[in-house]
Structure formats: C-alpha cells, structure tokens
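Encoded as structure tokens, the structure appears first; notes follow it.
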Amino acid sequence: MAPNNPQLHPAATFNNHGFHKPSRYLRYLNHFYNRPLYPSFPIQPSAFRKYDLDVPDLIHKLGWDSLFENQQFSQCPEGVRMFYASLKCGPGSSPSFFTTVVYNHEIRVTASLLAETLDLPCFGSSAAPDDDFPSIGFDYGSAIESLSYDIGRYYPSKLSAGRLADKFKVLHFFITRILLPRSISSGELVHPADAWIMVNARDGVNLNFSTLMFAHMIKYGDENYSGPLPFGPQITRLLSRVGIDLRDKRLVCDVREDLHAQHILSRVDAQVGRRKPVICSGGESADDTADDPKQPVPALVEASSAVLNRQITAIKRKELAGLEFHAARIKMAKESELSNTQEEEAGGISDYESPPEYDF
C-alpha cells in the first residue's frame, strides 16, 4: 500500500494560469473555460444602398463611421475568456470602471481606455445602462412606435424587431450582431438601448460608442449567462496594446464573410431585396414596358420590322433571312444583358440560393 503522505498525494494543486486567486481560476474553469466567442460579420453598411436603404447615413449620423474602417478579426480565445472570468466591477450601480486579470496582468478598464486603445468614437451623448434613459427624458414606448412601420402583419410582441421600418431593421441587425453583439434570440427584440440608438441615428445625434461598449461588456462577466462572449477581436487588441504579450498564444479568426446584404434582408423580413426578374413565356421580363429606356428590345424589333417592310421588295429572300437572323441575335443579346444587369443590382445573390448554414 502506498504511504498516505499528503506531500506525495495532495488533494488539489493550484496552478494560477494567469489568475491572482484560486477562486478566480475556479470560476474560469466552471463558467468560462469552454464558452464560445461571438463570430465576426464583416459586412459594410454600404452594401444596402442598392436597395434604397441609406444605412451608411444612419451610421454617419451616430458618428460611428470609423467602426467599419480597418477592421481586425483575429482573437485570442483563452485571453478573452480570462478577461470576462475575472471581471470585477467598481462601486456604484453604474460603475465607472472594472478590473480584470489576464495572464497575471491586472487591468483597470474604463470607457476612456477603450476609446484610446481601440480608437473608438468617444464624442456625443452618453447613456449606457437602461436605468439612465428615464433620467434623460427618453420614452421607450413612444420611440418604438415612432420607428415602427405597419405592413399589415401581426407580431406577438410590440418589442419585435419585425415591426420596424426596413432601414431600421437593418440598423438593428448591425447593432445586435456587429456593434453590440448579443444572443440571436435576444436580437429579435428591440431593447431600450437599441431604440435609443436608432432614434438618435434618425435625428442625427452623435453617440459615445465607447460608453455603450463598456456597459455592454460588464453584462458578460455574469457567470449565469451562457451565450457567446462578444468583442473577441477588440479585447485581443486591447490586451496587446496594454502590454500583454500574445505572441505565443493561440489566435483564431472566426469570420462569416459569406453573408451578403440579401441574406440579411431576408433574415429581418424586409420588404425589399427580391429583384430577380420573372421571365414570361414570350421571353420578356414581367416588368418590361415599351416606354422604359432601359428596356430597348421591343422598340428595336418594331423598328427593324418597319425597315424590313419598306425594303422587302428590293431584298432577296436569302438576304432577308440573314437580317431576321441578325435581328434575333440582337434581341437575344439585349435580353441577356438585361438579365445580367438586374442580377448585378440584386448583389449577385439569387432569390433561390440558400443562405449560409449557420444562424445569424
């Protein structure tokens, strides 16, 4: 029998793995060790201009254009999970800072630090926690109604994002999937912060994004939340810029770059986006009109017939057959050009093409 020597058979051995306290390391193992990170959706607001949805203008009015410039998507999963696992807020219901420990480095995080290290927009109005909105005179219910657009469809909740006008549906997608990511199911509803952002975008009021990001981060330090952790690339960049060496750490790049504007329009149930022409039995598009300058085929055929009728007596049958064949080829070429143009306008994505095989 082996000797019962506690020095040879310790009950537990603590290896801090970058944490100052055993309790923090245990919290990391129990609640954060295997947590997924939120993927990156590198789609630009300008992709929606072809559908007459000026989403870039809404982003510009918020003062957030820079958030879509020089985007970086690589992230250190272990460092991000440690960041959230050891997050500890400062005093007060609306803390002005929180501390976290990553690879034995203690970091005091503020909205100003986020703005400085990540080059975030830090000017404009600030109101992060939901509790702040009544104090600044923001009426959530009135805002929801002002952003909604009646399409004659019933929604089980007045907070459903499906009730929004198309351009705000797309903006809401950007807020909940890219700018301030959260779970997909939660992203189907318009939260107070979402409505506040959209109202300010509509009214042309700049917002302090660093304050919003700071408040959003704090929510994910709660061990009872089991969804994906957001801001992986941003936290990785933050750790690097405050002096933590990540060169020997594993970096990943989870980017959903096959997501197109038309996929999103379908996902949010927008009224625009389906522009693939329907070809009738006569070979003409169902939307063709004789007086549309973009649809020259009927006019070309009519003109060709008139010329042929005037010269029919002076042209041999062989030459006539050649002209008819030439006119038919012109018509086919014009129809092909029209079809290609409309497919390009639709973003090159067919209405019949399946969306990506992941939820978004």
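Couple of notes before you dig in:
- For the set Lys21/Lys88; Lys169/Lys219; Lys61/Lys158; Lys88/Lys219, the pairs lying more than 22 angstrom apart at their alpha carbons are Lys169/Lys219; Lys61/Lys158.
- Between Phe360 and Arg256, the modelled labels are 0.6 nm apart [label points 7 Å from Cα along Cα→Cβ].
- Stokes-Einstein translational diffusion, the range 146-233 - Kirkwood Rh over all Cα pairs, 1.567 mPa s, 4 °C, in µm²/s: 92
- Cα→Cβ-extended label distance, 7 Å offset, between Gln71 and Ser146, nm: 2.9
- Beyond 18 Å, the tail of the calculated P(r) for the range 66-127 holds 49 percent of the Cα pairs.
- Computed extension length for Gln271-Ser46: 79.2 nm, one decimal, from 0.36 nm per residue of separation with the Cα-Cα distance subtracted.
- Shape call, the range 67-183: gyration tensor on alpha carbons, a/c limit 1.5: prolate
- Carbon and sulfur %, accessible surface of the range 84-172 computed with the full protein complex present, 1.4 Å: 51
- In order along the range 197-209, the Karplus-derived 3J(HN,Hα) couplings, from 6.51 cos²θ - 1.76 cosθ + 1.60 at θ = phi - 60°, round to 5, 5, 5, 5, 5, 5, 8, x, 10, 5, 10, 7, 6 Hz, and Gly and Pro are given as x.
- Scanning residues 5 or more positions from Val102 or on other chains, those with amide H under 5 Å from its amide H are Ile107, with H placed 1.01 Å from N in the peptide plane.
The values are calculated or read from the model by the stated rules, or taken from the named source; none is laboratory data. All values derive from a computational prediction rather than experimental measurement. Methodologically, a virtual Cβ is constructed for each residue, glycine included, from the backbone with ideal geometry; neighbour enumeration extends over all protein chains shown. With ligands, DNA and RNA removed, areas are computed over all heavy atoms of the protein, side chains included. Shrake-Rupley method; radii C 1.70, N 1.55, O 1.52, S 1.80 Å.
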